[in-house]
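First comes the structure, then the notes that go with it.
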Amino acid sequence: MILSGNEILKRMGSDIEIDPFDPSRVNPNSYNLTLHNELMVYEEVVLDMAKANRVRRITVPAEGIVLSPNQLYLARTSERTVTHNLVPQIEGRSSIGRLGLFVHVTAGFGDAGFAGYWTLEMFAVQPVRIYPHTEICQIFYHELTGQVDEYDSKYQHNRDIQPSLLFEELDPDRQNDPQLPLDFGLERSHS
């Protein structure tokens, strides 16, 4: 069962936290989340599941930036969400989809207990100009039955765009060794 907009409002502050929250963005059965002003792109030609791939940041200016086809852009929501006793899920808004912009490749499904910003895996069918703070996707909530073991894994309490951390699963010693860097080769670009 999916929560109605009125039920989302009732559960704000208990099972649902959205920060910042704007009541005007509540829909009949979802809430619109906005796009932060940074993107991240991988710098590798071939991505490797078993290692931290180098990434570069791009600031999205107020006048927008054009996304190119055949390029994966990682982004994040401006809002931090926390969900208890429910399953959160995000989907692109229909107006965004009608421009040929996918806001998540496959990772729209969240876990009960997740706390953090949603990383968006954006992909454009054709060139499309995006703008910061656009209502880019909607979050909705599924009822959950049975005992809940809340999410507590590698993306929990993130504070930024999160590139893939799959390498931690493939090489568990890496995440436990403080001598091994996890810097992702971050570089900042303002283009």
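The values are calculated or read from the model by the stated rules, or taken from the named source; none is laboratory data. Source: prediction; values computed, not measured. Don't worry about glycine lacking a Cβ; one is built from the backbone with ideal geometry, like all the others, and counts go over all protein chains shown.
For residues that are touching a Leu at 6+ places or on another chain (Cβ under 7 Å) and either more than 19 Å from residue 103 (Cβ to Cβ) or buried (at least 17 other Cβ atoms within 10 Å of the Cβ) (or both), tally how many sit in segment 43-66.
Total meeting the criteria: 7.
Would you pick out the residues in segment 68-87 that are over 18 Å from residue 47 (Cβ atoms) and surrounded by 21 or more Cβ atoms within 10 Å (Cβ to Cβ)?
76, 77, 81, 83, 86
Any idea which residue in segment 25-36 is nearest to residue 70 (Cα to Cα), counting only those that are touching a strand residue (DSSP E or B) at 6+ places or on another chain (Cβ under 6 Å) and of a type outside the set (A, V, I, L, M, F, W, C)?
36
Within segment 8-26, which residues are in contact (Cβ under 8 Å) with a residue 40 or more places away in the chain and either exposed (fewer than 14 other Cβ atoms within 10 Å of the Cβ) or over 20 Å from the mean Cα position of the chain (by Cα) (or both)?
If the condition is that a residue be in contact (Cβ under 8 Å) with a residue 40 or more places away in the chain and either exposed (fewer than 14 other Cβ atoms within 10 Å of the Cβ) or over 20 Å from the mean Cα position of the chain (by Cα) (or both), then 11, 14, 19, 20 are the ones that fit.
Can you work out which of the residues in segment 89-134 that are farther than 17 Å from residue 58 by Cα and hydroxyl-bearing (Ser, Thr, Tyr) is surrounded by the most Cβ atoms within 10 Å (Cβ to Cβ)?
Only one residue tops the list, namely 117.
For (1) in a strand (DSSP E or B); (2) under 24 Å from residue 23 (Cα atoms); (3) at pLDDT 95 or above, each residue gets a yes or a no:
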{"residue": "132", "(1), (2), (3)": "no, yes, yes"}
{"residue": "141", "(1), (2), (3)": "yes, yes, yes"}
{"residue": "152", "(1), (2), (3)": "no, no, no"}
{"residue": "156", "(1), (2), (3)": "no, no, no"}
{"residue": "169", "(1), (2), (3)": "no, no, no"}
{"residue": "181", "(1), (2), (3)": "no, no, no"}
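Quick check: anything in segment 98-107 in contact with a Gly (Cβ under 6 Å, 6 or more places away or on another chain) and in a loop (DSSP other than H, G, I, E, B)?
Yes; the residues of segment 98-107 include at least one that is in contact with a Gly (Cβ under 6 Å, 6 or more places away or on another chain) and in a loop (DSSP other than H, G, I, E, B).
Restricting to segment 33-46, name every residue that is out of contact with any Lys or Arg (no Cβ under 8 Å at 6 or more places or on another chain) and without any contact (Cβ under 8 Å) to a residue 40 or more places away in the chain.
If the condition is that a residue be out of contact with any Lys or Arg (no Cβ under 8 Å at 6 or more places or on another chain) and without any contact (Cβ under 8 Å) to a residue 40 or more places away in the chain, then 45, 46 are the ones that fit.
Looking at segment 30-52, can you tell me whether even one residue there is closer than 27 Å to residue 150 by Cα, modelled with pLDDT of 95 or more and in contact with a Gly (Cβ under 9 Å, 6 or more places away or on another chain)?
So far as segment 30-52 goes, yes, one or more of its residues are closer than 27 Å to residue 150 by Cα, modelled with pLDDT of 95 or more and in contact with a Gly (Cβ under 9 Å, 6 or more places away or on another chain).
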